[in-house]
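Structure record follows, encoded as structure tokens.
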Number of protein chains: 2
Amino acid sequence: MVGRVVPDSALSGAVPPDPGSDQCGWTEREAELLTVTLRLLQSHGYDRLTVDAVATEAKASKATMYRRWPSKADLVLAAFIEGTRESAVAPNTGSLREDLIAIGTSVAAHSREHASTMRAVLNEMSHSADLRAAMQDKFVRHRHRMIEEVLTAAAERGEISTAAINPEIWDVLPGYLVFRSLMSERPPTDETVRALVDDVVLPALQRTRP
Amino acid sequence: MVGRVVPDSALSGAVPPDPGSDQCGWTEREAELLTVTLRLLQSHGYDRLTVDAVATEAKASKATMYRRWPSKADLVLAAFIEGTRESAVAPNTGSLREDLIAIGTSVAAHSREHASTMRAVLNEMSHSADLRAAMQDKFVRHRHRMIEEVLTAAAERGEISTAAINPEIWDVLPGYLVFRSLMSERPPTDETVRALVDDVVLPALQRTRP
């Protein structure tokens, strides 16, 4: 006689993952709505985008939209995070330089692509403490963990000393590339990423080489 | 008999400087209007600022305002540049480290103070090629010259090799600090400036020390 199978999650008290949700906690339908939002953002810009237009374009009910994202700013931030999600996975090439080039190339591409969305979101952040908290919680903190992971692995391989990892300025690499995308006359190129990694970030990290 | 004094400028064909204008080409009255603009920006924010409100507050005619600054975006960019003007003079301490700390401290202070204005100006830049050109011409180019001056002086003193000066990434120091001010949860502090100069920028510049 086969007894009732009790899943591990029931024993440990953990909530089993929703099969319809991705790693960010969005359902497939929500991810679809965010993709439509990004597309409309890129063609019309932030100012001319409305939550209603996204609902119409995606054949969704306005109630669904507003229940999930109470304001345009919430919706646009979520779309921005979804749009840069694939760049949120730590590379693991086995070489610090290659990992940094991979992160830099991805940040440069995404920040170039979503520059006007980022400018709009930053501007909304001036008015909204909620939006500032969401950006910190759902974006910045995650990126910090990713860079920490890459640097810790490099320290374990003996490529850098852990003393070189300074949490005060952990985001010089992505931060400068985002800055370059925001100042639209000089969007970052592959050469920007290479120069930043080889001539700035690596010499900085290796200055106290073990 | 004393002859009529002909000023040098008349002989050379140069236009004598307007005694009422400062180094940026603004008259004292214009500089005053920009100061009022900055004050209103800081209390009301970009969205609620109007050119008319600045005219009223400063007891200026609207015609004067619009003749000089055809749009709110033009006025706000000019005010931002005026507000950061004192940080536009290259320090000359005789030490590269002290020069970089001085530039970093000044950029950090001004970008913290004017963060919401910068966010609004960047957002307007998405829509306006004129504003992008003005930012490049009146702000970025000037800052580039200032940093070049400091680095060239350091190379002449033998502190760094000219090979270490890379025009592709000349603005890592100010750029990262501006980025930190724009992402409002972590505005840059004195410790940010110190870590950036000592642990990143100097090791990068000195990696090919002569």
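A few comments on the model shown:
- Exercise: per-residue mean of other protein chain Cβ atoms within 10 Å, B:162-172: 4
- Solvent-accessible area lost on pairing A with B (1.4 Å probe, both sides summed) amounts to about 3600 Å².
- Computed from backbone phi with θ = phi - 60° and the Karplus coefficients 6.51, -1.76 and 1.60, the 3J(HN,Hα) list for segment A:160-172 is 9, 8, 4, 5, 7, 7, 10, x, 5, 10, 4, 9, 4 Hz; x is used for glycine and proline.
- Prolate/oblate/rounded call for chain A, Cα gyration tensor, a/c under 1.5 rounded: oblate
- Computed in the context of the full set of protein chains, the accessible area of chain A at 1.4 Å probe radius has 53% of its extent on carbon or sulfur.
- Probing with 1.4 Å while keeping every protein chain in the model, the per residue accessible area of the protein assembly as shown equals 50 Å².
- At least 10 Å² accessible surface lost relative to isolated chain, residues of segment A:186-210 (1.4 Å probe): A:186, A:191, A:192, A:195, A:196, A:199, A:200, A:203, A:204, A:207
- Counts of other chain beta carbons within 10 angstrom of each beta carbon in peptide B:106-119 average 2.
- The tail of the calculated P(r) for segment A:24-70, taken as Cα-Cα distances beyond 18 Å, holds 21 percent of the pairs.
- Coordinate range along principal axes, alpha carbons of segment B:84-205, Å, largest first: 45, 30, 24
- Phi to ³J(HN,Hα) by Karplus 6.51 cos²θ - 1.76 cosθ + 1.60 over segment A:113-124, Hz, x for Gly, Pro: 5, 10, 4, 6, 5, 4, 4, 5, 5, 4, 5, 5
- Two-site label geometry, residue B:142 and residue A:56: point separation in nm, points 7 Å out along Cα→Cβ: 4.5 nm
- Whole-angstrom gap from segment A:173-210 to segment B:101-179, using each part's C-alpha centre: 15 Å
- Per residue, the convex hull spanned by the alpha carbons of the protein assembly as shown comes to 204 Å³.
The values are calculated or read from the model by the stated rules, or taken from the named source; none is laboratory data. Since this is a predicted model, take the numbers as computed values, not measurements. Heads up, the Cβs are rebuilt from the backbone with ideal geometry, glycines too, and the neighbour counts pull from every protein chain shown. Remember, those area values only see protein heavy atoms, side chains included, never the ligands or the DNA or RNA. Shrake-Rupley method; radii C 1.70, N 1.55, O 1.52, S 1.80 Å.
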